[in-house]
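Q: Structure provided below as structure tokens; questions to follow.
The values are calculated or read from the model by the stated rules, or taken from the named source; none is laboratory data. If you're wondering where the values come from, they're calculated on a predicted model, not measured in any experiment. Please note: Cβ atoms are built from the backbone with ideal geometry, for glycine as well, and neighbour counts cover all protein chains shown.
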Amino acid sequence: MSEALLEIKDLVVEYHTDEDDVHALNGITLSLDKGETLGLVGETGAGKTTTALSIMRLLPKRIGEVKGGEIRFEGQDLLARTEAEMRLIRGESISMIFQDPMTSLNPVIRVGDQILEALKLHRPDMSRAEQAKKVDEMLEMVGIPAARKREYPHQFSGGMKQRVVIAIALALEPRLLIADEPTTALDVTIQAQVLQMMNDLKTKLDTSMLLITHDLGVVSQTCDKVAVMYAGEVVEYGRAEDIFLGSRHHPYTEGLFGSLPGLNASAKRLSPIDGLMPDPTALPEGCRFHPRCPHCTERCRAEAPAQYLRNGHMIRCHRMEEEVR
Amino acid sequence: MKTKQTYKKRSQFSAVWRRLKKNKLAMLGLVILTAMILIAVCADLLADYDTAVIGQNMAERLQGPSGSHWFGTDQFGRDVLARIIHGSRLSLSLSIIAMTVAVAIGSCIGAVAGYYGGRVDDVLMRLMDILLAIPPMLMSISIVAALGQSMVNLLIALAIAYVPVFARVIRSTILSIKGQEFVEAARACGTGNARIILRHIIPNAIGPIIVEATLTMGAAILIISSLSFMGLGIQPPAPEWGTMLYEGRDVIRNDPYLVIFPGAAIALAVMSLNLLGDGLRDALDPRLKN
């Protein structure tokens, strides 16, 4: 286990609003080894972004609160770091790509300067010339001519902007890259390019990646491990082969696959999961998924299922009990 | 082979300038303002301060506009045109300084209040509200009256009167900017709060700041003149426009030109700044882009 780059244990996060406490994360456990890509899959509101923000310690002040658990990065507990220490870690060791490239670049600063900004912050000992060279290098690396560094974000297309964002995130060669739905805002044709590029760069720079997405296609292409999240819990966790090819699944994962249109499938209609995500201010008793589960039993309504682990493939469902035994 | 590509380059500034040029009234304001600034800068070349502006010449008192004195002369035989020209120095420089001070302090307060929010915001903005509750004019009068008449006190009065206005404008702009993703992205890069405010947020708020500054400058000229008219601002014999109005008031029946010309100068200066401010607001508003 000493190999693990990032370990999250029983992380509980709540958002406090005036009326309610929102249970965003209810004890999630994840681990990510060096050089691996972990896919975090789930519906909107499952807690994927909250997980990412917790790692960065960027939960909204006064509203978001980590109630319990720990986040270990290279063995050190991130939750115990001071704000000043976290600033050194952000960008330097862990960096993040946000969902919408249209808004995650500052509109009044030249793109080259935005990459430079990260270098200035974390590599003050580098000379100006070296920094400038690195900026050119990063731009070329993501496939943008270095001559365009003097342009403003509005002069770039969405895909190009996301490349710039990736260049910024990777400029300091972080050990962990958190990508929060990096391709959701892009065209399908650009999505593949950007993913391919991220994968190449990740291998080249020996970076681990936490990929947040709700697109299972993206996961199948890029991830080594997958965690399926539902209502602030990891309901299924395993290697990509387990999730995509394995025979046993959490009913929610089955539902996710059922909602995917397949090119070869002969089915005329998709089989979506009925219902909606539970209200995170009032989560259901027992198994969180039981109101939508086709296999729901009395036990599911009353008792939260344990995590059943076999060969590193974890499923949180009562139905797995006898199989594991 | 790599083909050389040319990209269309258009900076933010040139785009704003292009839109501003289309606005005839704003351009008129800009032209008048530029002319006034030029006149103020070259005032010593156009009229000698000691002889024409404050030097009295009783032989030529109260002469109407003529070829030798275009705007006529006042009770002390001083050339009104020369006094207006030198008066532009006072009005423009004082209003620019007051505006700069108000922008600097107001932006800081507004930025801190807007960015940090919570209790900091509450305390700062309630303080600003207290100041805002008093009209700028009344505020300036009371401050000058309390501190005594001097140019510095006049500046302090103006700055205090306009700081809360700027603080409000900047705070609301910053509230809308700080929620944007690039601020969060900057934070995720390890950028500190001060740097985020100065480098990422304020540059994005520059549009409203410029507009408000231009309009405030016009208002400041008006207040300086009003205070001088009431004897609380610039003291005679200095050629302040408001002071000139005050001096001309006694002879307004027979020699109205003594108040018309300084009054016109005030009106022109304020109008040009307002026209320019309105034009800038339109030009900087991205929603009105072509």
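Q: Condition (residue is within 14 Å of chain A (Cβ to nearest Cβ), under 22 Å from A:V164 (Cβ atoms) and of a type outside the set (A, V, I, L, M, F, W, C)) applied to the range B:151-174: is it met by at least one residue?
A: no
Q: Follow-up question, since we're still on this one. Picking from B:A264, B:A269, B:A283, which residue would you name as being small (G, A, S) and farther than 23 Å from B:A43 by Cα? Talk me through it step by step, then tell me what you get.
A: Numbers: B:A264 fails: farther than 23 Å from B:A43 by Cα; B:A269 fails: farther than 23 Å from B:A43 by Cα.
From the options B:A264, B:A269, B:A283, the qualifying one is B:A283.
Q: Filter the range B:25-69 for residues that are part of a loop (DSSP other than H, G, I, E, B) and among the polar types (S, T, N, Q) and give the result. Give the derivation first.
A: Within the range B:25-69, the subset part of a loop (DSSP other than H, G, I, E, B) is B:42, B:47-48, B:54-57, B:61-69.
Passing the criteria: B:Q56, B:N57, B:Q63, B:S66, B:S68.
Q: Residues of the range A:154-186 being part of a helix (DSSP H, G or I), surrounded by fewer than 17 Cβ atoms within 10 Å (Cβ to Cβ) and within 18 Å of the chain's Cα centre (by Cα), which ones?
A: none
Q: Taking A:K133 as the residue in question, decide whether it is surrounded by 21 or more Cβ atoms within 10 Å (Cβ to Cβ), outside any loop (DSSP other than H, G, I, E, B), more than 11 Å from every other protein chain (Cβ to nearest Cβ) and not β-branched (V, I, T).
A: Working: surrounded by 21 or more Cβ atoms within 10 Å (Cβ to Cβ): no; outside any loop (DSSP other than H, G, I, E, B): yes; more than 11 Å from every other protein chain (Cβ to nearest Cβ): yes; not β-branched (V, I, T): yes.
When the stated conditions are applied, A:K133 does not pass them.
Q: Let me ask something else about it. Mind checking which residues of the range A:84-102 are modelled with pLDDT of 85 or more, of a type outside the set (K, R) and either touching a helix residue (DSSP H, G or I) at 6+ places or on another chain (Cβ under 6 Å) or farther than 11 Å from B:C189 by Cα (or both)? Lay out the reasoning, then the answer.
A: The first filter runs over the range A:84-102 and keeps only residues modelled with pLDDT of 85 or more, leaving A:84-98.
Still in the running and of a type outside the set (K, R): A:84-86, A:88-89, A:91-98.
Those that are modelled with pLDDT of 85 or more, of a type outside the set (K, R) and either touching a helix residue (DSSP H, G or I) at 6+ places or on another chain (Cβ under 6 Å) or farther than 11 Å from B:C189 by Cα (or both): A:A84, A:E85, A:G91, A:E92, A:S95, A:M96, A:I97, A:F98.
Q: Here is a list of conditions, (1) more than 19 Å from the chain's Cα centre (by Cα); (2) over 19 Å from A:L32 (Cα atoms); (3) modelled with pLDDT of 85 or more, and A:S247 meets all of them except one; can you say which number that is?
A: Every condition holds for A:S247 apart from (3).
Q: For the range A:114-130: of the residues being more than 22 Å from A:K161 (Cβ to Cβ) and without any contact (Cβ under 8 Å) to a residue 40 or more places away in the chain, which is surrounded by the most Cβ atoms within 10 Å (Cβ to Cβ)?
A: A:M126
Q: Another question about this same structure. Would it be correct to say that B:P237 is closer than 20 Å to B:G110 by Cβ, touching a residue at least 40 places away in the same chain (Cβ under 8 Å) and either surrounded by fewer than 23 Cβ atoms within 10 Å (Cβ to Cβ) or within 14 Å of another protein chain (Cβ to nearest Cβ) (or both)?
A: Details: closer than 20 Å to B:G110 by Cβ: no; touching a residue at least 40 places away in the same chain (Cβ under 8 Å): yes; either surrounded by fewer than 23 Cβ atoms within 10 Å (Cβ to Cβ) or within 14 Å of another protein chain (Cβ to nearest Cβ) (or both): yes.
Answer is no for this residue.
Q: Are any residues in the range B:175-188 surrounded by fewer than 24 Cβ atoms within 10 Å (Cβ to Cβ) and either within 30 Å of B:L227 (Cα to Cα) or within 14 Å of another protein chain (Cβ to nearest Cβ) (or both), and if so, which ones? Give the derivation first.
A: Taking the range B:175-188 first, the residues surrounded by fewer than 24 Cβ atoms within 10 Å (Cβ to Cβ) are B:175-181, B:183-184, B:187.
Passing the criteria: B:S176, B:I177, B:K178, B:G179, B:Q180, B:E181, B:V183, B:E184, B:R187.
Q: Which one is surrounded by the fewest Cβ atoms within 10 Å (Cβ to Cβ) among residues in the range A:279-291 that are in contact with a helix residue (DSSP H, G or I) (Cβ under 7 Å, 6 or more places away or on another chain) and assigned to a loop (DSSP other than H, G, I, E, B)?
A: Step one: list which residues in the range A:279-291 are in contact with a helix residue (DSSP H, G or I) (Cβ under 7 Å, 6 or more places away or on another chain), which gives A:284-287, A:289-290.
Adding the requirement that they be assigned to a loop (DSSP other than H, G, I, E, B) leaves A:284-287, A:289.
On the way: A:P284: 16, A:E285: 11, A:G286: 19, A:C287: 27, A:F289: 26.
Across the range A:279-291, the extreme among qualifying residues is A:E285.
Q: Just to be sure before I move on: is A:C296 farther than 30 Å from A:Q191 by Cα and touching a residue at least 24 places away in the same chain (Cβ under 8 Å) in the structure I sent? Explain how you work it out, then say what you get.
A: On the way: farther than 30 Å from A:Q191 by Cα: yes; touching a residue at least 24 places away in the same chain (Cβ under 8 Å): no.
No, not satisfied.
Q: Taking the range A:41-94, which residues are in a loop (DSSP other than H, G, I, E, B), closer than 17 Å to A:G27 by Cα and either within 9 Å of chain B (Cβ to nearest Cβ) or within 14 Å of the chain's Cα centre (by Cα) (or both)? Outline the logic, then answer.
A: Initial filter on the range A:41-94 (in a loop (DSSP other than H, G, I, E, B)): A:42-47, A:57-63, A:74-75, A:81-82, A:91-93.
Filter once more, keeping what is closer than 17 Å to A:G27 by Cα: A:42, A:45-47, A:57, A:59.
Result: A:G42, A:G45, A:A46, A:G47.
Q: What residue, of A:T203, A:T189, is surrounded by fewer than 22 Cβ atoms within 10 Å (Cβ to Cβ), within 21 Å of A:E92 (Cβ to Cβ) and among the hydroxyl-bearing types (S, T, Y)?
A: Numbers: A:T189 fails: within 21 Å of A:E92 (Cβ to Cβ).
Within the list A:T203, A:T189, the selection yields A:T203.
Q: When the range B:16-47 is examined, which residues are found to be without any contact (Cβ under 8 Å) to a residue 12 or more places away in the chain and over 22 Å from the mean Cα position of the chain (by Cα)?
A: Within the range B:16-47, B:R18, B:K22, B:D44, B:L45 meet the criteria.
Q: Whether any residue in the range A:8-15 is within 17 Å of A:V234 (Cα to Cα) and surrounded by fewer than 17 Cβ atoms within 10 Å (Cβ to Cβ) is what I want to check. Steps first, answer last, please.
A: First, pick out the residues of the range A:8-15 that are within 17 Å of A:V234 (Cα to Cα): A:8-14.
Of the ones still in play, those that are also surrounded by fewer than 17 Cβ atoms within 10 Å (Cβ to Cβ) are A:9-10.
Yes, the range A:8-15 has at least one match.
Q: Restricting attention to the range A:95-118, and to residues there that are touching a Lys or Arg at 6+ places or on another chain (Cβ under 7 Å) and not in a loop (DSSP other than H, G, I, E, B), which single residue is nearest to the other protein chains (Cβ to nearest Cβ)?
A: It comes out as A:V111.
Q: Quick one: is B:L245 in contact (Cβ under 8 Å) with a residue 12 or more places away in the chain and more than 15 Å from B:R83 (Cβ to Cβ)?
A: Working: in contact (Cβ under 8 Å) with a residue 12 or more places away in the chain: yes; more than 15 Å from B:R83 (Cβ to Cβ): no.
When the stated conditions are applied, B:L245 does not pass them.
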